[in-house]
1. Would you mind computing, in nm to one decimal, how far apart the modelled labels at A:LYS86 and A:ASP210 are, each placed 7 Å from Cα along Cα→Cβ?
2. If ligands, DNA and RNA are left out, what is the accessible area of B:GLU343 with a 1.4 Å probe, given in Å² to the nearest 10?
3. I'd like the accessible area for A:THR109, computed on protein heavy atoms only with a 1.4 Å probe and all protein chains in place. Round to 10 Å², please.
4. Along Cα→Cβ, 7 Å out, is where each label goes; now give me the distance between the ones at B:ARG144 and B:GLN110 in nm to one decimal.
5. What is the calculated FRET efficiency for B:ASN192 to B:GLU213, with r their C-beta to C-beta distance and R₀ = 45 Å, to the nearest 0.05?
6. Points 7 angstrom from Cα along the Cβ direction at A:ASN2 and B:LEU159: gap in nanometres?
7. Report, by chain and number, residues whose modeled amide H sits under 5 Å from the one on A:LEU31, excluding near sequence neighbours (fewer than 5 apart, same chain).
8. May I ask you to derive the FRET efficiency for A:TYR29 and B:ILE379 from their Cβ-Cβ distance with R0 = 60 Å, giving the value to the nearest 0.05?
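The values are calculated or read from the model by the stated rules, or taken from the named source; none is laboratory data. Here the structure is a predicted model, which is why all the values come from computation and not from measurement. All Cβ positions, glycine included, derive from the backbone under ideal geometry; neighbour counts span all protein chains shown. Surface accessibility is based on the protein's heavy atoms, side chains included, excluding ligands, DNA and RNA. Shrake-Rupley method; radii C 1.70, N 1.55, O 1.52, S 1.80 Å.
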Amino acid sequence: MNFSEVFKQSNQLCKISPDGKYLATCVQYRLVVRDVNTLQILHLYTCLDQIVHMEWSSDSLFILCAMYKRGLVQVWSLEQPDWHCKIDEGSIGLVSSRWSPDGRHILNTTEFHLRVTVWSLCTKAVSYIKYPKACQKGMDFSRDGCYMALAERRDCKDYVSVFVCDDWHLLRHFETETQDLAGLEWSPNGCVLAVWDSCLEYKVLLYSLDGRLLSTYSAYEWSLGVKSLTWSTSSQFLAIGSYDEKVRILNHITWKKITEFEHPATVNNPKAVVYKEVERRPTVASDDLSIHNISMGSTLFNTQSKCAAKDKETGDLRDCYFKVMLCKSKFGGKRNSFIKASPLLLWPALDEIYQPPVQIPVVKPDPDRANPKIGVSTLAFSSDSRYLATKNDSMASVVWVWDMQKLSLEAVLEHTSAVRCFQWDPRRPRLALCTGNAKLYLWSPAGCVSVQVPTEGGFQVQSLSWHCSGDSLILLGKEQLCLCYMDTDQEDN
Amino acid sequence: MPESSLQVKDVPGGPFKCRMSPLRQLSQSPGLSRPGHTPYILGAFCTKDNVPECLSYVNQEVSSLGLPPVWTEPGRSSELNVVAVLNSMYDLIQLHCRGLRTLEDMEAEQLRSSSNVDFLQLSNTRLKDQLELCKRENTGVLERERQLQLKVKSLQNCLKTEKEEVQKLQNIIASRASQYNHDMKRKEREFNKLKERLNQLLVDKKEKKQAIEVLNYIGRADGKRSLWKTGKTESKHEGDMYKTLLSDYDSRQKELVLENAELRKVLQQMKRDMVSILSPKKPSPRGEKHEDATILQADSEEEEEQEVFGSSKDSVELSCVHAREKLTNSIRLQWRRLKSHVERLDSQASLAQMGERTNSEAVPREAHEQEMERLKLEIQQCKDFIHTQQQLLQQQLSAPCDEETASLLNDCYMLEEKERLKEEWKTLEEQRKNFEKERRTFTEAAIRLSHERKAFEEDRATWLKHQFLNLTPFADQKKPQMSKSKSAFSVSEPEDSEVSSHSQKTLSTPRCPSVKTPSTAELYRSLCLIPQQSPNTTKPKRKDSCTQESGVFHNGDVPDQHALWNGGEDHSDHTLNGEHSGSM
């Protein structure tokens, strides 16, 4: 595992182009485009104000920079650095700006959700879509970029409009059976639209592309309902996370519930592996042999940290990459090989706990407050739809990994602090997560690993995102960023 | 109790004694036989003067007691009838004794009854106490019951009120919700109006309008021009939409069909397995029942076989309803049969158990135990092994880390390496064996070659002789010569080795051109290879192509020979050999 040097960044705006060649970062009002491999600056654009939002076009040729306060959007071209485009929404205001899937139109949502303005970069044409609904996720493009679904509110009723992105032709317009529509999401194959109601009512509706209601699902009544929803990449499963701390999985044929995953405070499943992060200094083996696995890791750590110290004495560490080994421990416990990634400043990996009844720290939410911190707020399927990672807000430091083939709990990752962000490798079943400290955590079916980001000055990983090849990761600190390169050849699988 | 009993003894004793004292004194006098006292007693009651009175008195008393009179007055004198007196005295004593005995009995009886009375009195009081207690308890329970009933009543009231409350609250909530919804709608409408108004105002506003500044317009991502919106585009969009939907359904259907087919395959396999499991039972009918069953079985089997074929054929063509019905029917049938079969087996097994419980179970138990012992031992060994390993590891770990751990790691790698090397060694060994075999074949081939060479030499000599003898043009002579050489080969070969001439012919034909070119030197070289072969064979050669290659490197003829030999040994290799020599 290698780490790049640290770069500046602001507003956590840092994105890799869809083709994986460029890295765009925003520093105050400047937009910097680098080559992903060499990290050399290729282009530098200056915007009119501090950039609040930045997005690549789908063909990686243009970058959109939005300055919401000023109601401005600036577009830059990678091919022609002197080409520019500026869109001024005027006094009507701007709250959100995004590319259309073809990368030639920009959709701006005005303040108060008065309308959505569609600006074409090919012609000067402007079109308006009225009555967009202000909600959790009111707009979604199908994966192939053909269709856009937009939630609307007219006459106190919810509607969904399906547009053809090609020429913004209104394909379908239908009323939904929701009290207060909260969001909509296309299935990855673009044929089914999942619509869910606000948290006051547990209701998920599934519409076909042509506006037919395929199915309605409601797990219970009265108490707070859907909190998050996600499709598996195969469109086979629909995972619904709710305020009752459960995830329900629907199938794509009958749209009935296959199973539900609970997030109990005590993990009793003997087949699940619980990884618990323990904050302590590495100590050389105590006489307890049952933890020789860990002590092995720590002795590895010792030798390597010594190497690091030697390196520090001899060479300048800041400019060179940190070359690190992945050590496959042959002494691993019950599971297959237990990988320990050990960068130079390695911390003992998450310990493996074998005894099944494991207590998980739970923070009871304040019942009097709105939006209680409870329920499954984040759901993510791995790229092969084999695993599902979930996070329950009342156990913020724990990420649960479920096996979708066995429909059972696979692993529980307990950290010392709350998980900020987790994301699956776009190629492999590998989960990266961060908890706002200087460590990067990786989980794969073979094991769990934590890596200290070897930078000076307290780099705290707030968020992360994978490169589309799955070979590298962007780690975002508060005002910095750094790239982490995986050792692909030494990886399992 | 003892006191009372004493009293009981004493109290009647006192007066009894007092009362009876004269009589007892009378009766005791002979029994005690105190001679000194008797005159005193006689003197007190009877003196010489009053004997007759006394006699009459005694007589009277005695007769009153129902005894024969002691003295008969008129008959004789005042002499005592001694016998009669003694008899009456004896009777009196007897009477007295009896009286005493009855008295004692009575006393004991009284004692018993009095104690009985006491006991009864005691138990009576106890029972009275108990009764009292029960009565008290009863009243308490009654009181409690009353209280509980009161409580229940109050709770019921409470429940009623609560229910009412709930109803009221529900009503309130519903009304509030409807009110809230109404208000929300009103507000939303207002909000929408405001939005509309705002929109209008902002659109009308001149100074700060929406604007786009583009340096120059860019082409569409697909490179096409945008089209006018017409009815056509609309229908095209519709068409596209339905196309995507259709393709989705298509793919899904395909998936389902695949899945179905797979499931059907599994089902059929299962069915076949079932049939095969159940059918061997057929030829062992024991009674009429079984025969019936077997007939049924046979019938159904035929049906099923039909079904098996039918369903596989019809799976695509037939409507699923039919297929399903068939399948479910057959499965049901199979299942029934399996069930009955299992039941039969069960009953048989139980019968067998009943019969030979003692015999059959004794052996396996022992076997089990032995097995257990063995396994336990093994476990112990494994544990020991692990333990020693752990200890070693521990030592390694606890030792100063730097180089130790490195060496440990190295050891691990070494171990891995060792394993890998072992495997390689194995493969090498195998290869070596192969080469050994090959070498043998080579040597044999070489021997044959030498024979051939001899023949060839002879041939050559004759040929040379011919050439020298008749100096005719070459072209005419060559071909027959070649054929001659061929014949020479075919003649010589069977003599040397037991290779069939048939295979030899096919092989020798392609060899002709090579025979034409090789010089003696080459042949020598090929012969020289015989000793060289042995080191060659030990070289790692895995595949045939490899050996061929190496052969090519050394000498053109060697692989040919090898192939030839192979051909002789294995007839199936003909074509391969033909190809090979052809390529040469």
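1. 4.9 nm
2. 110 Å²
3. 10 Å²
4. With each label placed 7 Å out from Cα toward Cβ, I get 5.2 nm.
5. Efficiency, from the Cβ-Cβ distance: 0.90.
6. According to this spin-label approximation, the distance is 7.7 nm.
7. Sorted by chain and number, the residues that satisfy this are A:TYR45, A:THR46, A:CYS47.
8. Efficiency for this residue pair is about 0.25.
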